[in-house]
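The values are calculated or read from the model by the stated rules, or taken from the named source; none is laboratory data. All values reported here derive from a predicted model rather than from experimental measurement. For neighbour counting, all protein chains shown are included, and Cβ atoms are generated from backbone atoms with ideal geometry for every residue, glycine included. Ligands, DNA and RNA are excluded from the accessible area calculation, which covers all protein heavy atoms including side chains. Shrake-Rupley method; radii C 1.70, N 1.55, O 1.52, S 1.80 Å.
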Amino acid sequence: MNRMRERGTRSLRRRFAFAGGLIGAIALFTGGLAFAASETIIAQPDSTFSASTYTTDQGEVVQLQDNGDQHNATALENGPDGQALFRSPTISGGTTGVQGTQYLSGGDYTFYCTIHPSTMQATLHVTSNGTPQARPSSSIKLTRRSVAQTIKKGLKLNMTPTTRIEDVTLTAKLGKATIGKKTVTLAEGFNAPVVKLSKAGKSKLQGKGSAKVTVTADIPFGSPASAKAKLG
């Protein structure tokens with residue numbers, strides 16, 4: 001009797017182990033599907049894309065694979081920064097990310113290769129799955145300084161971006177004239193970049209008792225931000 005009970009117990013254990021393994025395999029398989037949420041755009045040696053439509057979920061950075069020659073993937077539509085809504089660098093082989101696709105909402109977006117525009121056009125279909133990432137943004141404020149301090153030390157800004165942002169271009173103007181320019185990388189949180197004035201910019205401020213200046217931050221894939229201040 002005891003042997004029969006032991007055999008029954010071992011049999012049940014084997015069944016539970018098998019069921020657990022099966023459930024684990026199913027979870028692993030479906031998990032793999034979850035990660036396969038974006039089709040890779042493939043640029044072919046004959047200067048065509050491998051398909052007319054590629055599909056991705058919202059929030060994903062689509063990849064571009066170059067199988068020969070120089071290619072890129074660039075949206076026809078412009079984004080809030082005045083540049084292509086999404087774009088990749090031009091590469092000669094290998095794989096690169098198409099930045100900007102992570103901010104797209106569901107819909108269809110036409111893109112092309114700027115090197116071969118006549119033969120390389122396709123559509124990126126963004127599904128309703130997932131969630132678009134928030135576009136980068138930042139507050140911006142000018143620290144008030146005298147004209148003399150500005151000529152000597154530059155324009156000091158207080159900026160608080162929502163995330164790390166690379167290649168932010170800061171442009172300082174006096175009226176329509178550019179008096180200083182700088183490209184910076186902003187860390188998430190508080191930043192205090194300084195825009196030094198150009199030689200011509202210093203000359204425009206020289207001898208003034210006061211002046212109204214504007215600094216504009218061009219944020220890749222986001223809307224520009226600007227701040228004004230009166231120097232004096």
Checklist entry - How many of the residues in the range 188-209 are open to solvent by 20 Å² or more (accessible area, probe 1.4 Å), under 18 Å from residue 143 (Cα atoms) and either β-branched (Val, Ile, Thr) or modelled with pLDDT under 95 (or both)? => result 2
Checklist outcome for this item: Output for Cβ contacts, cut-off 9 Å, separation at least six or different chains, first residue closer than 12 Å to residue 121 by Cα in the range 62-75, second of a type in the set (D, E, K, R) and in a strand (DSSP E or B), reads 72/66; 72/87; 73/87; 74/87; 75/87
Checklist entry - Which number in (1) touching an Asp or Glu at 6+ places or on another chain (Cβ under 8 Å); (2) assigned to a strand (DSSP E or B); (3) open to solvent by less than 40 Å² (accessible area, probe 1.4 Å) marks the one condition that residue 129 misses? => result (3)
Next on the checklist: Given the options 185, 171, 216, 178, name the one that is exposed (fewer than 13 other Cβ atoms within 10 Å of the Cβ), in a strand (DSSP E or B) and modelled with pLDDT of 95 or more.
Outcome noted: 185
Item to check | the range 143-200, residues that are among the β-branched types (Val, Ile, Thr) and over 22 Å from the mean Cα position of the chain (by Cα) | outcome: 143, 147, 150, 151, 178, 179, 194, 195
Next on the checklist: Among the residues that make up the range 80-87, is at least one of them at pLDDT 95 or above and over 30 Å from residue 216 (Cβ atoms)?
Outcome noted: no
Checklist entry - Which one is surrounded by the most Cβ atoms within 10 Å (Cβ to Cβ) among residues in the range 83-99 that are touching a residue at least 24 places away in the same chain (Cβ under 8 Å) and part of a loop (DSSP other than H, G, I, E, B)? => result 88
Item to check | Identity of the residue in the range 51-66, within 24 Å of residue 115 (Cα to Cα) and not polar (S, T, N, Q), that ends up surrounded by the fewest Cβ atoms within 10 Å (Cβ to Cβ) | outcome: 51
